[in-house]
1. Say R0 is 22 Å: what FRET efficiency, to the nearest 0.05, do Ala82 and Asp134 get from their beta-carbon distance?
2. Between Asn199 and Ala89, what FRET efficiency follows from the Cβ-Cβ distance if R0 is 51 Å, with the result rounded to 0.05?
3. How many nm is it between the label spots at Lys326 and Ser310, if each spot is 7 Å from the Cα in line with the beta carbon?
4. Report the full-extension gain for the segment Ala114 to Ser192: residue separation times 0.36 nm, less the Cα-Cα distance, to one decimal in nm.
5. Specify the inter-centroid distance of segment 195-255 and segment 266-329, based on alpha-carbon positions, in whole Å.
6. Using the structure shown, list the pairs from Lys182/Lys223; Lys141/Lys290; Lys223/Lys291; Lys276/Lys332; Lys182/Lys291; Lys218/Lys290 with a Cα-Cα distance above 28 Å, or answer none.
7. Of Ala230, Pro190, Gln266, which is farthest on the positive side of the dipole of segment 185-276, counting Cα position, with +1 on Lys and Arg Cβ, -1 on Asp and Glu Cβ, and the Cα centre as origin?
8. Probe radius 1.4 Å, ligands and nucleic acids left out: which of Tyr216, Tyr316 has the largest accessible area, and how do the rest follow?
Amino acid sequence: MDASRLRGWGGVGTMAVLCALALAFVLLLPCTQIAHHHHAAPDRAGQQLAEGSQVRAGSCQDSEAQKQTLAPSGADGATIDAIKAREGARRKLIVGVDQNSYRWGYRNPNTEGAQLEGFDIDLVHRIAQDILGDPDAVQFKAIPTNQRISAIQDGRVDMVVRTMTITCERLGQVAFSAPYFKTGQQVLAPRSSTITGYNDTLAHKRVCTATGSTGYAKLDADKKAGTLPASTDISTTVPNQLDCLVRLQLGEVDAVVTDGALAASQAAQDPTVELKGAPFTTEYYGVAMKKDASDLVRRVNRVLVAYRASGWQASYDTWLSATLGKDSSASKPPAPQYLRTS
């Protein structure tokens, strides 16, 4: 893929159109440009066991909760049976994704039909291959950042694979797979800006975040705690992360706070902006599903065991090495801690 052709997306007009598309499209796309293969793996390979449930009421710590999940299994249950029971053209895995996050989940305008591509999309195809025997048996639904949880709870999707950080608060609302990517919050600002990172240079600056994002939660908590300058304006929130880049380009805000992995891709789209400072949190992405979909969580975890061994690195090399560097070690998730449940 010629990345230089895509940098034109940094233009404000095109960005605005893409943001509107994210709310308008419900996608059903065959994506066959990448070969997908199923790799079998032992159900409980390499796991560590701990007592308890994925979320511990009153004592949950994000740093631990992000690693804890149900043990892998290939057994079907009620959730998977219902997916497989869909008939004809409806026999697909319904997945909430992004279509505007460059190199993660985005519609590539340089492909026929503007196909969905990216790191998250590769993982979706791998899960569909395992459950339905066909990597393209997927119905993609474009879900805004602030609707990821409600889309799962309302049954609009079977799962969300959309750069979604595992947190204790979210674990009270949905279930998560084992982590599949490591990242952290970072500041994105114009190259000419005096902002140097997540520090006092944000004083009197307007910062944009996505509604319901971990970035906003961190800013809000730090401002209340007094560790973020009181004059920092965090009132600008948007449905999708990409909307923040548009606001930045229009001069409506001075900086964006988002996952470093996403910020690096946004900087690749628009060379007038850059990452400022180092990551100031540690976060892990997981596949989100309904709270009671234990069989689906276990199946996705089985897929991830094989995917980490064969597939993850190839996808990283294809989509993320250009923006995050060839060394993927900083982005690899920790070994999951599988819970022993009764």
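1. 0.80
2. In this case the efficiency is close to 0.45.
3. 2.5 nm
4. 24.7 nm
5. If you average the Cα positions of each part, the centres end up 23 Å apart.
6. Long pairs (Cα-Cα over 28 Å): Lys223/Lys291.
7. Ala230
8. Working: Tyr216 75, Tyr316 0 Å².
Largest accessible area first, the list is Tyr216, Tyr316.
The values are calculated or read from the model by the stated rules, or taken from the named source; none is laboratory data. These numbers were taken from a predicted model, which means no experiment stands behind them. Cβ sites come from the backbone with ideal geometry, for glycine too, and all protein chains shown count toward neighbours. Just the protein is used for accessible areas: all its heavy atoms, side chains included, with ligands, DNA and RNA removed. Shrake-Rupley method; radii C 1.70, N 1.55, O 1.52, S 1.80 Å.
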